[in-house]
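Every read-out reported here was derived from the displayed coordinates using simple, explicitly stated rules and does not represent laboratory data. None of these values were measured; they are calculated from a predicted model. Cβ coordinates were reconstructed from backbone atoms using ideal geometry, including for glycine residues, and neighbour counts include every protein chain displayed.
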Amino acid sequence: MKSYIQEQIQTYQEKNKQTARLLIKCPDKRGIVSAVTQFLHKNEANIIESNQYTTDPQDGRFFMRIEFESPHLPEAEATFREGFQPIAEQFDMSWDLTGAYDIKKTAIFVSKELHCLRELLLEWQSGDVITDIKLVVSNHEDCRELVESFNLPFYHIPANKNIRKQVEEQQLSLLEEYDIDLIVLARYMQILTPEFVAEQPFKIINIHHSFLPAFIGANPHKRAYERGVKLIGATSHYVTNDLDEGPIIEQDIMRVDHRDNVDDLKKMGRSIERSVLARAVKWHLEDRLIVHKNKTIVFK
């Protein structure tokens, strides 16, 4: 199965071997778009997709995502970076250039509930999520058979708050060994330490089983039921040191009523979680997200 998936990835790389994405955030000024597009034109690049957004005048920030093709890529990527640097300095830009051909390496962390893991693996298998899943880490054995059926490395690392430091040392060692670009917490029910999060800034995506900021923390469905909510939802967000308060990437909801019990809410919630997490991961992998303060700009 993995060889088939690798073939899909190689086909994608071949199709996009001359495609790159430029992400920009900077103070809003006149001339930004002109300078960027003239630079691309000068370097024989053809713009495939362009999106931009400007905040309100008080904040005054400009955001842009451009996807382009160039006959000089990927060989001239370093030259592109060097040539763009004077423009970035002129407009005080934070920016990043990534090749669509440079497939990101992903690690998935999971505990006992496997619905989000299954969704990600199926999306990966179908070619709808383009990434190189390098490993799956779990504090339980429940998903070993599923993971190994996809011919992926599985690491069982028991975890609890008393051994958290030792556990994270093992995890960080694996992330370094596999050169991981993205960590997906697919219902990984352990709190990460500030030291772990600091090692992976805005590279950890979590799914929370409620429509944040409501019902932060554990047992949100029970608390939602007791509150008599009429809508339930799920939230995917980047992980920060503030529990469940990182920049939100994607959310969705489903209507419920008084006839639905806690188990009904959990069942419906799992359905929402699967799709919300998959979309967030896909957008990150396609470089469609820019973090600003505690928000995300999402160029869909």
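Here are some notes:
- Only Lys, Arg (+1) and Asp, Glu (-1) charged, at Cβ; the chain dipole about Cα centre in debye: 920 debye
- Summarising the amide proton neighbourhood of Arg187: residues at separation of 5 or more, or on other chains, whose placed amide H is nearer than 5 Å comprise Ile207.
- Convex hull volume of the Cα atoms of the chain, normalised per residue: 147 Å³.
- Euclidean distance between Cα centres, region 1-28 to region 147-207, Å: 24 Å
- Most mobile listed residue (Thr240, Thr131, Thr98) in the chain, GNM with C-alpha springs under 10 Å: Thr98
- Relative contact order (%) - the chain, alpha-carbon pairs under 8 angstrom, separation at least six: 16 percent
- Computed over the chain with a Gaussian network model linking Cα atoms closer than 10 Å, the most mobile of Glu286, Glu113, Glu169 is Glu169.
- Axial C-alpha extent at least 24 Å, average Kyte-Doolittle at least -0.5 - helices from the chain (DSSP): 262-285
- The local environment of Asn46, defined by Cβ-Cβ distances under 13 Å, has a net charge of -3 under the rule Lys, Arg +1 and Asp, Glu -1.
- Comparing Val137, Val197, Val229 in a Gaussian network model of the chain, where Cα atoms under 10 Å apart are tied by springs, the biggest mean-square fluctuation is seen for Val229.
- Dipole check for region 17-99: with +1 at the C-beta of Lys and Arg, -1 at the C-beta of Asp and Glu, and the Cα centre as origin, the magnitude is about 100 Debye.
- The label-point distance for Asp59 and Tyr178, in a model that sets each label 7 Å from Cα toward Cβ, rounds to 3.4 nm.
- Modelled spin labels at Asn151 and Ile47, positioned 7 Å past Cα toward Cβ, are 4.2 nm from each other.
- Within the shell of other residues whose beta carbon sits under 12 angstrom from the beta carbon of Thr193, the net charge comes to -1, with Lys and Arg scored +1 and Asp and Glu -1.
- Secondary-structure-derived ellipticity at 222 nm for the chain, considering helices only, amounts to -11500 deg cm²/dmol, per-run term -39500 (n - 2.57) for DSSP H runs with n ≥ 4.
- The chain - share of DSSP beta bridges that are antiparallel (%, nearest 5): 70 percent
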